[in-house]
Amino acid sequence: MTSATEQGRLAGPLSMSVANLCHRLQPQVSARTAAGFAEVLRRLGGPLQVAVAGRIKSGKSTLVNALIGRRVAPTDVGECTRLVTRFQYGTVDRVEIVFNDGRKQVLPFAADGMIPAELGIDIDKVSHIEAYLTNAVLQGMTVIDTPGLGSLDAASVSRTEQLLGAAKHRKPEDDEEENEEGSDELDDTSRNAVAGAEAVLYVVTQGVRADDQQALAAFTAATASREAGPVNAIAVLNKADTIAPESVEGSGGDVWKAATLLSEKQASTLKPRVADVLPVIGLIAESAESGGFTSGDAEALRQLAGMDDDILETMLISADIFTGWDCDVAAGTRLRLLEKLDLFGVRYAVEAIRAEPEITAGSLRRKLLDASGLEAVRQRLSIVFAARADGIKAAAALASVTALAHASGDQAERQRVHDAIEVLLAKPEAHQLRLLEALTLVASGAVDMPEDLSEEVLRVGSNADIGAQLGKPGAPRADLAAHALERAGWWRSFASFGATPAQSRVAHVVHRAYFLIWQQIRDPLA
């Protein structure tokens, strides 16, 4: 059974149930499968693993820095940006280079506090980088920065694809030992079954391309068949300030409105593989949140705000004009402002200063942070990932356990594991796992549903708020209760009389979900 120490590290009761299952099964399976279960247990006890993925030059590393609140991930093209980097909590700040053969080399952070852009080693021999930071954000979530998909550098793309399943490391001489009877070393299939990101934050820019869709689909293949879906995947439209408002109908000439409308359009393209698409300006978010915006920057902006309107408007036409114009603010200072805020941020800050001449540097920084859209992304991360970490991790662990048993090649062992999982899923407290499974089946298209019913399953399964689950946000409790009971009855009838066998399996789960929602509304303390 799970020890008290392990219980303290697990995300919740579902993770605890899966951990207990692994402990019970370990003596009943082969040494290799048992070793895989030990790795599953280790992952269950760690923070949620969230990969930040996307195409090359989409601004992933900038967004990682903003989320962590520290400019630590290199954003310029270099050796580091071609490697997977895992940012996790540690009691001492340090960087570890992990080689393909399992060796590790500790490096100091650069003088500017960042991971060195150039490592001085053969990166073809490097598996990934582990960065440990004394940062409270990382206590609940490991953030994984990935090389860009769509890069001409095939090795970098391969690293990202492997990360979305980062295999456990082994020494080359272990390859032969893996095939020996009774070996407790994991083979490639087993390693991929237990490793990898459990959730993904996917970064897009103005156009969603076919390979963005393919990358989200690849998340499934690389994480032991765990689908990228509305429970464990959200997307952000980065560089929202670069969108031309005139290119988006209905924007009224407003950049942020244009970005919001474009995000909604992209959400319809990427759903059901993502819960939402949110606009964000990663550069401004990074500068405002990681200490990049200084009192000196605020003073330079104050000087710009005091300039003649016509002159400033001309300067803000382009970056070249802004930095090349002859004025009292030094060209080097203006270049630094562009590097931190771009033209949109400069304009926004100047307007804020003109509206409130006595504004402090700290207040201006907070206004810039608000304008970046980062807080909405963090809130969505909290709702979609953090609040559901127990279910996400438990579902990922069960998928890993299933894959490990399948990889063993032992039919009796496979059946033993399958039966144990079925017993676990039959328990009332495991309903959330059933709901996640149903959601995955519908989101992936594995179970074909009419469009309106698919949307209902996705809504019920991928929202934490009861009003949002029922499609009636803000409705009175009595109305919510009546609607939940009515839909519970409808789905039960559909399961019995109108559904295919596959649809019936999903329908029974949705029926129970509605019934439990009704119970919760009637007795919120139950």
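The values are calculated or read from the model by the stated rules, or taken from the named source; none is laboratory data. On a predicted model such as this, the values are computed, not experimentally measured, just so you know. In this analysis, Cβ positions are derived from the backbone assuming ideal geometry, glycine residues included, and neighbour counts consider all displayed protein chains.
Which one of Arg416, Arg366, Arg354 is in contact (Cβ under 8 Å) with a residue 40 or more places away in the chain, part of a helix (DSSP H, G or I), among the basic types (Lys, Arg) and out of contact with any helix residue (DSSP H, G or I) (no Cβ under 7 Å at 6 or more places or on another chain)?
Arg366
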Among the residues of the range 300-317, write down those that are in a helix (DSSP H, G or I), without any contact (Cβ under 8 Å) to a residue 12 or more places away in the chain and either out of contact with any Phe, Trp or Tyr (no Cβ under 8 Å at 6 or more places or on another chain) or in the same structural domain as Gly69 (by TED's automatic domain parsing) (or both). Asp309, Asp310, Glu313
Considering only the range 240-275, how many residues are touching a helix residue (DSSP H, G or I) at 6+ places or on another chain (Cβ under 6 Å) and within 30 Å of Val72 (Cα to Cα)? 7
Within the bounds of the range 273-290, is there any residue that is of a type in the set (Lys, Arg), touching a residue at least 60 places away in the same chain (Cβ under 8 Å) and surrounded by 15 or more Cβ atoms within 10 Å (Cβ to Cβ)? yes
Filter the range 323-349 for residues that are in a helix (DSSP H, G or I) and free of Cβ contacts under 8 Å to residues at least 12 places away in the same chain; the one that is nearest to the chain's Cα centre (by Cα) is Glu339
Please go through (1) touching a helix residue (DSSP H, G or I) at 6+ places or on another chain (Cβ under 7 Å); (2) at pLDDT 85 or above for Val98 and return the number of the only condition it doesn't satisfy. (1)
Among the residues that make up the range 370-377, is at least one of them in a helix (DSSP H, G or I), in contact with a strand residue (DSSP E or B) (Cβ under 8 Å, 6 or more places away or on another chain), over 30 Å from Ala430 (Cα atoms) and not charged (D, E, K, R)? yes
Exactly one condition in (1) at pLDDT 90 or above; (2) surrounded by fewer than 17 Cβ atoms within 10 Å (Cβ to Cβ); (3) part of a loop (DSSP other than H, G, I, E, B) is not met by Asp320; state its number. (3)
So Glu429, is it part of a helix (DSSP H, G or I), surrounded by fewer than 17 Cβ atoms within 10 Å (Cβ to Cβ) and in contact (Cβ under 8 Å) with a residue 12 or more places away in the chain: yes
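Looking only at the range 240-248, decide whether some residue is under 22 Å from Val384 (Cβ atoms), touching a strand residue (DSSP E or B) at 6+ places or on another chain (Cβ under 6 Å) and without any contact (Cβ under 8 Å) to a residue 60 or more places away in the chain.
No - not one qualifying residue is present in the range 240-248.
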Quick test of your reading of the structure: Ile359 fulfils all but one of (1) within 20 Å of Gly291 (Cα to Cα); (2) part of a helix (DSSP H, G or I). Name the failing condition by number. (2)
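Give the residue, chosen from Ala443, Ala513, that is in contact with a His (Cβ under 8 Å, 6 or more places away or on another chain) and buried (at least 19 other Cβ atoms within 10 Å of the Cβ). Break it down stepwise before answering.
Details: Ala443 fails: in contact with a His (Cβ under 8 Å, 6 or more places away or on another chain).
The conditions single out Ala513.
Looking for something more than 30 Å from Ile234 (Cα to Cα) and outside any loop (DSSP other than H, G, I, E, B) - is there at least one such residue anywhere in the range 284-295? Break it down stepwise before answering.
Step one: of the range 284-295, the residues more than 30 Å from Ile234 (Cα to Cα) are 294-295.
Add one more test, that the residue is outside any loop (DSSP other than H, G, I, E, B), and what stays is 295.
There is at least one residue in the range 284-295 that is more than 30 Å from Ile234 (Cα to Cα) and outside any loop (DSSP other than H, G, I, E, B).
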